[in-house]
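Undergrad: Below is one structure. I have some questions about it.
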Amino acid sequence: MEENRIPKKAVNLPTKHVENTEDNSLENEADLISPNEPNTLGFWNNNKEQPVKTVCVLVVHYAFAGQGGDRSEGDSRDVQILKETFAVNRKCKFIAISPTKLDFYELLANKASDGGIGKFQELFHLEGAAPDVLILCILSHGFSGGVIMTENSEKIHLNEVFGIMKTNYLKDSLKLVFVSACRGAILDMALNVENDQKTTIPSTVELTTLNMEMDENESAVAINAEPNVQNFVIVYSSVESTFSIRLSIGTLLIRALCKILNKLDEDVELEVLLSMIMNDVHRKTMKYGFGSTPQVQIFPFAKLTINRYDKNQKESRLKNFVYDWTSIKGIYMSRREAHVFCRQDGKPTAIELVKHVENNLGFDARLYNEYKELNKAVRRDCIINDSGCVMICILAPLAINEETSEISVVVNKGRQVSVQDFQYNLIRNDNTKWVGKPKICIFANFTSSDTDALGEGDTPLQFAKCGTYHSGYLTLILPNPDAIELIMKELGNTNLLSGGVHLQQVFMNILRDSKKQEDCAIEPQYWSTLQYLLDFPVNQMLIEPTIQSEKSGLTSKISGFLKKYLRKLVKLIQCDSTGIMPKEEEEEDADVVCLVSALPGMGKSLLTSLLAYKLRQMNNSITEIDFLKESDFLGSIALSRVEPEELVESFSEWKGARKKFQPGKEIFLLDGFDGIDAGVKKDVLQLIRKIADAKLPLWVTTRPHDEQMITDCLNGVEVEVVRIDELQAEDQKQLLKLKLSCTDEKLDHYLSIISEMGAEDLLKNPSILSKVADYFSEKPEDVRLVDLCHKIVKAILLEDMQNREGLGGNPIIVTRIKKRLSRLKTCAVKHFLETPLLPNDAEEIAKINSLSIATVLDNRIFISCDTLAQFLLALHVTKKVLEEESGIPEEGIERILQSGSLDRCRKMISELRIRGVK
C-alpha cells in the first residue's frame, strides 16, 4: 500500500531486495527500448491518415528497495507491465529511470548535455522536433500538495515538473501524465458494499471515521488552474488528501491502464479510455471495500483516438463501462436533477440552457438567480433519495487566486465562492445520497457589459450506489467569453438521449472548441473522478405491460398505445394550425383527453415521462406537472381562478424558466392526481375542466379511487380512459430475471418457492415484484413468507414517505411508518370483513388512500394484493393475542380465519406468535 509518509517498514506486503547502484546517472541506469516499427498508439482528429508519429514513454519510479517504505516488488511489476504494454504491444519508445531531482528536471527541460545535444533528445534518440506525445508515469511515495519523494529524500514538486514541460522543449507535445503516488493520509472507503473483511492500513485515517463537518477531506474536490496551459492530460491515482493503493502485484492505476489498453477491442477517444481506466480501479475498490479514487485533469488538445489492440474480440466490451442508472437494489433511478444558476442579467440565456438540459438530456431543471437559494435547493435535494444523477451549472464570472491557483465563481454582489465549495456541498456533512452517482458540474463564464469581468483573486439503500465519497464528479471549467454558445451548441443536439455518445465526449468537444483569451488568467479545463461512461438514455420500462382502453375494450402494448395517442395529438395540432382536419383523418377519433388509471407501482409516472420525451422530440411545448412533487406550487397560486395560459406561465416561472403559452403546441401532462391534498382537489378539477373545454391536449394519471371524480368532472367531454394491466406470467419472469441477474435455472428455483408459498400475486405489480427481487438478492438462508411480506410492506411505506414527504433519513420517519403500519392493519381487517365506510368521512378516506397498499372503492377498503392483505391481518391478530386481550374484538374475524382462502394468514399468525412479534 502506498503511504503519504515513508514508514520504517513496508506495509504488510511481500518484498524482495533489489540492489541499488551507487551511480545514479541516467546513462548507466536506463536502457532505451526503441522499436523499429511505427507505434500503434492512435491517430488525430478522427482520421487514420493522421497517425501519432512519435510517442515517448518515460517511467520515473522509485522503489525504495531496502529502505523504509520498500515498494520494490509492486514497483518492478508496474515497470514490467508498462514496458510490455507500450514498448512491446504499442511499439513506443520506452525508458524507465530513477533520477535525482536535478537530473529529472534537466531531462524534461532538454538541457544540453556535454555533447551539445538536449538530454531528452539524447535519451530517446530524437533528432529535432519533440515527440507528438509524451507519456510520463511517476511512481513513488507522495504527500499532499503535489509532492513526490525520491529515494534520497528529495522532494519533487509536480507544479515545477509541469512548469518545465509547458515552457521548454516539450511545450507543444501532448503530455499525458500518470501519477501513482499518495496525496494524503485519508483512506477513501467504499460505501454501500458488502465486505466482511476489515482491513486496516497503518498511517492512514479512514474516511468513514472523520467528522465530516470538520471538512478534513474538503480539498479532495478542490479545483485549481495549474498547469493552466493546453496539451496537458494528468491522471492521478487518488484525489488530493487521500491514500493511493499499491498491491504486491503493482499499483491499481498502472495495472488498470495496461489492462484496458491491452484488452481494447475498438478504437476509442482518449477521454473514453481514461473513463474506462477509472472504472477498472473503481471495481477493484468495491471488491476490497476501500481503495483510491482516480482523478483526471484535462486541458484542451487535438482530438486523439486510441487504436484498438485486441482484434479477436467480436463483441464490444464498451457497454460494460457505461452507467446503468440502477441502484444496488436493482431499482431504476430515472430521476435527474439539474440546478442552473445565473444572475438576473443573464436570465434569457439561462432559460435557453434549461430547455436544452430538459429536452435533450432528460433532466428536471430549475433556475436560480440567488446563490443562497441554489445552495438551499442543492442541500434539500440531498434529502430525496431516488435520483440517479445531479447537475449543477453555474453561469457567472470566474476568478483565480494567484497564490493558490484556486478557481472561484463571482455570485451575487461580487461575492466569490470557490468551485471546491460548490462541489463539496454534494458530500458535505456525511451526506451519502450522491455516493457512486454522477455529479456533473459546469462552471461557465458569463458576463454582461455592466457586470464583473474575469478577475484574479444510516440512509436507506433502495436508491444507493456503490462508490467512494469522492468518485462520480465530472467538472467543466470554461472561462472563455463564448462558453455559453459552445455549451448550447453541444447540448442543443436532440440526439443526445438516443445514446451512442457519452457525456465525456460532449464535454471534450466543448473543451476543444474553447479558446483562452489573452487577458484571461484561466485555461479551459476538464476534471473527472466519474467512474462510468455517462449516457442519457430515455427513461424506459424494463418490460412492456399491456394497457386496456375502456372505450374500445381493446388491449395493446404500451408502445402501441403511445404511438396511437401521439398520432391523435399530431392531428389536433395540424387542425389548430390550419383550421381544417385532413379528410383521411376525419373518421378517426379526435379525443385527446386521456385518463390513465392504475394501482401504485404499475408505471403511470414512467409512462408519463416516456410520453413527455416523445412530445419534446416533436418540438411541442410541454407543461408537465408531477402533483406529488409540486405541492408547494399548487399552494402558491389561486387555482380556482387560474386559466390554462396562466398555468403554463406560472409553472414555468416556478421552475425558474418562464415561457409563454403557445397556441397549437401546448400540451398538458398532469401526473399523480391522487397525490393532491383533499382540500385542493376541487380547484384542480376545475382547472382540468378548463383545459378540456379549451380543447387543449390533456393527459392525467391517477389511482383508481379518484378515477370517477375526474370522469365526473369531464362529463360531456370525449375522454379516453385506459388502465395498465397486471403483469402476465412471461413479463413477470422477464422482470424478475432482470432484477436478479440470474440464470434460468436460478429463476425457476425462485419462482417455485413463490408458488409453494401461494404468493404468485406478489409478482403482478412491477413495484412489488422489485421488492421480491430485493429479498431474494440478499440470499436468505430460510425463505419465509412472513419475512418476505414484512420486507415488502416496510419498503413500500418507506418509499411512499420519501416520495410524499421527502423525509429521507430523518428519524421521524420511523415513528410515522409505525403509525401507517398500524392503520394498514386496521384496513386489512375491514378489507376482509367488507366493512363499509361512512361516505362523508372524507378525512379517513383520504388517509387510507395515501397508504399505497390500500385504497377506497365504493366506500369499501380494498387491498389489491391478497398475500399482503393476509400478512397485515396476521400482524393485527397476533398483536391482539400477545397483548392477552379477551378474544378478538372484531366480530367475524374468527369466522373468516376458518376460511380455506386464509390458510397463509393462519400460518403467519402461528409463526408470528412463536416469534413474539406484535
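The values are calculated or read from the model by the stated rules, or taken from the named source; none is laboratory data. As the structure is a computational prediction, the values presented were derived from the model and not from experiment. Don't worry about glycine lacking a Cβ; one is built from the backbone with ideal geometry, like all the others, and counts go over all protein chains shown. Calculation scope for accessible area: heavy atoms of the full protein, side chains included, ligands and nucleic acids excluded. Shrake-Rupley method; radii C 1.70, N 1.55, O 1.52, S 1.80 Å.
Undergrad: How many residues, within segment 713-751, are assigned to a helix (DSSP H, G or I), of a type outside the set (A, V, I, L, M, F, W, C) and open to solvent by 50 Å² or more (accessible area, probe 1.4 Å)? Walk me through it before giving the result.
TA: So in segment 713-751, the residues assigned to a helix (DSSP H, G or I) come out as 713, 729-740, 744-751.
Imposing the further condition that a residue be of a type outside the set (A, V, I, L, M, F, W, C) reduces the set to 730-734, 737, 739, 744-746, 748-750.
After this cut, where a residue has to be open to solvent by 50 Å² or more (accessible area, probe 1.4 Å) as well, the list is 730, 733-734, 737, 744-746, 748-749.
Residues in segment 713-751 being assigned to a helix (DSSP H, G or I), of a type outside the set (A, V, I, L, M, F, W, C) and open to solvent by 50 Å² or more (accessible area, probe 1.4 Å): 9 in total.
Undergrad: On to the next question. Tally the residues that are within 24 Å of the chain's Cα centre (by Cα) and crowded, with 20+ Cβ neighbours inside 10 Å, restricting the search to segment 606-624.
TA: We begin by selecting, within segment 606-624, every residue within 24 Å of the chain's Cα centre (by Cα); these are 606-614, 616-617, 624.
From what's left, crowded, with 20+ Cβ neighbours inside 10 Å: 607-609, 611-612, 616, 624.
Matching residues across segment 606-624 total 7.
Undergrad: List the residue pairs whose Cβ atoms are under 6 Å apart, where the first residue sits in segment 322-339 and is closer than 28 Å to residue 368 by Cβ and modelled with pLDDT of 70 or more, the second is open to solvent by less than 30 Å² (accessible area, probe 1.4 Å) and β-branched (Val, Ile, Thr), and the two are 6 or more positions apart or on different chains.
TA: These pairs meet every condition: 337/390; 338/357; 339/378; 339/392.
Undergrad: Any chance segment 68-76 includes a residue that's out of contact with any Cys (no Cβ under 6 Å at 6 or more places or on another chain), open to solvent by 10 Å² or more (accessible area, probe 1.4 Å) and outside any loop (DSSP other than H, G, I, E, B)? Let's see the steps before the verdict.
TA: So in segment 68-76, the residues out of contact with any Cys (no Cβ under 6 Å at 6 or more places or on another chain) come out as 68-76.
Narrowing the set further to residues that are open to solvent by 10 Å² or more (accessible area, probe 1.4 Å) leaves 68, 70, 73, 76.
So of that shortlist, the ones also outside any loop (DSSP other than H, G, I, E, B) come out as 73, 76.
Within segment 68-76, one or more residues are out of contact with any Cys (no Cβ under 6 Å at 6 or more places or on another chain), open to solvent by 10 Å² or more (accessible area, probe 1.4 Å) and outside any loop (DSSP other than H, G, I, E, B).
Undergrad: Just one of 875, 912, 857 is at pLDDT 75 or above, open to solvent by 50 Å² or more (accessible area, probe 1.4 Å) and within 26 Å of residue 762 (Cα to Cα); which is it? Give the steps one after another, and end with the answer.
TA: On the way: 875 fails: open to solvent by 50 Å² or more (accessible area, probe 1.4 Å); 912 fails: open to solvent by 50 Å² or more (accessible area, probe 1.4 Å).
When all the criteria are applied, what remains is 857.
Undergrad: Separate question: Which pairs turn up if I take residues in segment 361-380 that are over 18 Å from residue 626 (Cβ atoms) and look for partners that are open to solvent by 50 Å² or more (accessible area, probe 1.4 Å) and outside any helix (DSSP H, G or I) with beta carbon separation below 8 Å, at least 6 apart in sequence or on another chain?
TA: Short answer, once both residue conditions are applied: 371/415.
Undergrad: How many residues are of a type outside the set (Val, Ile, Thr) and either buried (at least 21 other Cβ atoms within 10 Å of the Cβ) or under 25 Å from residue 261 (Cα atoms) (or both) when one looks only at segment 120-135? Step through it out loud before you land on a result.
TA: Of the residues in segment 120-135, the ones of a type outside the set (Val, Ile, Thr) are 120-132, 134.
Now restrict to residues that are either buried (at least 21 other Cβ atoms within 10 Å of the Cβ) or under 25 Å from residue 261 (Cα atoms) (or both): 120, 123-124, 130-132, 134.
Number satisfying all stated conditions: 7.
Undergrad: For residue 97, are the conditions met, namely being under 27 Å from residue 147 (Cα atoms), among the aliphatic types (A, V, I, L, M) and open to solvent by less than 10 Å² (accessible area, probe 1.4 Å)? Break it down stepwise before answering.
TA: Values: under 27 Å from residue 147 (Cα atoms): yes; among the aliphatic types (A, V, I, L, M): yes; open to solvent by less than 10 Å² (accessible area, probe 1.4 Å): yes.
When the stated conditions are applied, residue 97 passes them.
Undergrad: Another question about this same structure. Within segment 801-825, which residues are in a helix (DSSP H, G or I), modelled with pLDDT under 75 and not basic (Lys, Arg)? Break it down into steps so the answer makes sense when it comes.
TA: Our first condition is that a residue be in a helix (DSSP H, G or I); within segment 801-825, this holds for 801-805, 812-825.
Among the residues that remain, those that are also modelled with pLDDT under 75 are: 801-805, 812-814.
Residues satisfying the conditions are 801, 802, 803, 805, 812, 813, 814.
Undergrad: Right, another one. Quick check on my filter: what residues within segment 602-633 are in a helix (DSSP H, G or I) and among the acidic types (Asp, Glu)? Before you say what the answer is, go through the steps one by one.
TA: Within segment 602-633, the subset in a helix (DSSP H, G or I) is 604-617, 631-633.
Correct list: 632 only.
Undergrad: Could you check segment 262-320 and list, in sequence order, the residues that are among the aromatic types (Phe, Trp, Tyr), farther than 19 Å from residue 133 by Cα and not in a helix (DSSP H, G or I)? Even if it seems obvious, please write down each step before you answer.
TA: From segment 262-320, those among the aromatic types (Phe, Trp, Tyr) are 288, 290, 299, 301, 309; that's our starting set.
Subsequent filtering for residues that are farther than 19 Å from residue 133 by Cα retains 288, 290.
Selection gives 290 alone.
Undergrad: Could you identify the single residue in 828, 842 that is among the aliphatic types (A, V, I, L, M), open to solvent by less than 80 Å² (accessible area, probe 1.4 Å) and at pLDDT below 85? Break it down into steps so the answer makes sense when it comes.
TA: Details: 828 fails: at pLDDT below 85.
Residue meeting the stated conditions: 842.
Undergrad: While we're here: Output the residues belonging to segment 692-705 that are surrounded by 22 or more Cβ atoms within 10 Å (Cβ to Cβ) and of a type outside the set (A, V, I, L, M).
TA: Within segment 692-705, 697, 699, 701, 702 qualify.
Undergrad: Which residues, taken from segment 136-173, are of a type outside the set (Gly, Ala, Ser), open to solvent by less than 10 Å² (accessible area, probe 1.4 Å) and more than 16 Å from residue 232 (Cα to Cα)?
TA: Matches in segment 136-173: 139, 141, 148, 150, 156.
Undergrad: Can you go through 530, 496 and tell me which one is out of contact with any Lys or Arg (no Cβ under 7 Å at 6 or more places or on another chain) and modelled with pLDDT under 80?
TA: Exactly one residue qualifies, and that residue is 496.
Undergrad: Checking residue 888 against (1) surrounded by 15 or more Cβ atoms within 10 Å (Cβ to Cβ); (2) β-branched (Val, Ile, Thr); (3) modelled with pLDDT of 75 or more, which single condition isn't satisfied?
TA: Only one criterion in (1) surrounded by 15 or more Cβ atoms within 10 Å (Cβ to Cβ); (2) β-branched (Val, Ile, Thr); (3) modelled with pLDDT of 75 or more is unmet by residue 888, namely (3).
Undergrad: A follow-up question, please. Suppose we filter segment 80-104 for residues that are under 39 Å from the mean Cα position of the chain (by Cα), under 13 Å from residue 40 (Cα atoms) and not in a loop (DSSP other than H, G, I, E, B); how many remain?
TA: 5
Undergrad: Can you name the condition, by its number, that residue 244 falls short on among (1) polar (S, T, N, Q); (2) under 19 Å from residue 506 (Cα atoms); (3) not in a helix (DSSP H, G or I)?
TA: Condition (2) is where residue 244 drops out.
Undergrad: May I ask you to say which residue of 670, 599 is of a type outside the set (S, T, N, Q), buried (at least 20 other Cβ atoms within 10 Å of the Cβ) and part of a strand (DSSP E or B)?
TA: Values: 599 fails: part of a strand (DSSP E or B).
From the options 670, 599, the qualifying one is 670.
Undergrad: Mind checking which residues of segment 241-288 are among the polar types (S, T, N, Q) and surrounded by fewer than 23 Cβ atoms within 10 Å (Cβ to Cβ)?
TA: Our first condition is that a residue be among the polar types (S, T, N, Q); within segment 241-288, this holds for 241-242, 244, 248, 251, 262, 275, 279, 285.
Matches in segment 241-288: 248, 262, 279.
Undergrad: Could you look through segment 752-779, keep only residues that are open to solvent by 40 Å² or more (accessible area, probe 1.4 Å) and more than 30 Å from residue 554 (Cβ to Cβ), and pick out the one that is farthest from the chain's Cα centre (by Cα)?
TA: Of segment 752-779, the ones open to solvent by 40 Å² or more (accessible area, probe 1.4 Å) are 752, 755-756, 760, 764, 777-779.
Restricting the remaining residues to those that are more than 30 Å from residue 554 (Cβ to Cβ) gives 752, 755-756, 777-779.
On the way: 752: 35, 755: 36, 756: 39, 777: 22, 778: 23, 779: 27 Å.
If we take residues in segment 752-779 being open to solvent by 40 Å² or more (accessible area, probe 1.4 Å) and more than 30 Å from residue 554 (Cβ to Cβ), then 756 is farthest from the chain's Cα centre (by Cα).
Undergrad: When you go through (1) open to solvent by less than 30 Å² (accessible area, probe 1.4 Å); (2) at pLDDT 90 or above one by one for residue 689, which number turns out not to apply?
TA: (1)
Undergrad: I need every pair where a residue in segment 612-640 that is among the basic types (Lys, Arg) has its Cβ under 7 Å from the Cβ of a residue that is open to solvent by 40 Å² or more (accessible area, probe 1.4 Å), sequence separation at least 6 or different chains.
TA: Going by the 7 Å Cβ cut-off, the qualifying pairs are 616/359.
Undergrad: Only residues that are open to solvent by 20 Å² or more (accessible area, probe 1.4 Å) and either at pLDDT below 90 or part of a helix (DSSP H, G or I) (or both): list them for segment 47-67, please. Spell out the reasoning first.
TA: Pass one, segment 47-67, residues open to solvent by 20 Å² or more (accessible area, probe 1.4 Å): 47-51, 53-54, 61, 66-67.
Residues satisfying the conditions are 66, 67.
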